[in-house]
Amino acid sequence: FAVNYGLNYTIFRYPNVYGPRQDPLGEAGVVSIFTGQMLRGIQPIINGDGEQERDYVFVEDVACANLMALSDGDGEAFNLGWGTGTSVKTVFHCLKNIIGSGVEEVHGPPKLGEVRKSCLDASKAKRILGWKPEVDLHEGLARTVEFLRPLYA
């Protein structure tokens, strides 16, 4: 379409995007799922050993990248993310501390075929768009908890 019809495009490859308004009752999105469970007093289950690493990026940072692509980045593909992995266990314990939950770390069976480590190099997005993530994991988790907390009050 770009060659034949002149369609401008920008492609983003998203890591694990999380934040307010993510469905805590869905099948994916460990941050919102664990948050919803802890706020309801339900025991979260960590799949496998919990050492699976993901590159978690706050939804607001992703939205900023999309806005930047309105004026730059035509015909390009970009990774978004921090470029570092955070384990599911680390996310669990951060949420537990932010919420003040008494739940224990409980593990279930690993998910068949689950990727052990996933991080994205966003240096091209920084170089061309001027984008970099701004909301660190702790702040993003705290903002997500504060959004979801009233739903379970």
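Summary of computed values
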{"item": "Within region 51-69: backbone nitrogen closer than 13 Å to the K89 label point (7 Å, Cα to C-beta)", "result": "51-53"}
{"item": "Segment Q43-R13, extension gain: residue separation times 0.36 nm, minus the distance between their alpha carbons", "result": "7.6 nm"}
{"item": "Percent RCO, i.e. relative contact order, over the chain, from Cα pairs under 8 Å lying at least 6 residues apart", "result": "34 percent"}
{"item": "Computed [θ] at 222 nm, helices only, for the chain once each DSSP H run of length n ≥ 4 contributes -39500 (n - 2.57)", "result": "-10500 deg cm²/dmol"}
{"item": "Calculated FRET value between L67 and E104, using beta carbons and R₀ = 41 Å, to 0.05", "result": "0.50"}
{"item": "Added length on full extension, which subtracts the Cα-Cα distance from 0.36 nm per residue, A2 to S123", "result": "41.1 nm"}
{"item": "Residue-span extension gain [E60 to A153] - 0.36 nm each, minus C-alpha spacing", "result": "31.0 nm"}
{"item": "Accessible surface ranking that places the most exposed of H107, H138 first, with a 1.4 angstrom probe", "result": "H138, H107"}
{"item": "Angle between the chain longest axis and helix 30-40 axis [Cα atoms, degrees, rounded to 10]", "result": "30 degrees"}
{"item": "For the chain: accessible area per residue (Å², 1.4 Å)", "result": "56 Å²"}
{"item": "Rg over Rh [alpha-carbon atoms, Kirkwood Rh] for region 27-110", "result": "1.09"}
{"item": "Rg(Cα) / (2.2 N^0.38 Å) computed for the chain, rounded to two decimals", "result": "1.16"}
{"item": "With every protein chain in place, region 1-84: carbon and sulfur % of accessible area (1.4 Å)", "result": "52 percent"}
{"item": "C-alpha long axis of helix 59-68 to longest principal axis of the chain, angle in °", "result": "0 degrees"}
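The values are calculated or read from the model by the stated rules, or taken from the named source; none is laboratory data. Quantities reported herein were computed from a predicted structural model and do not represent experimental measurements. Quick reminder, even Gly has a Cβ in these numbers, built from the backbone with ideal geometry, and neighbours come from all protein chains shown. Keep in mind that these areas ignore ligands, DNA and RNA; they rest on the heavy atoms of the full protein, side chains included. Shrake-Rupley method; radii C 1.70, N 1.55, O 1.52, S 1.80 Å.
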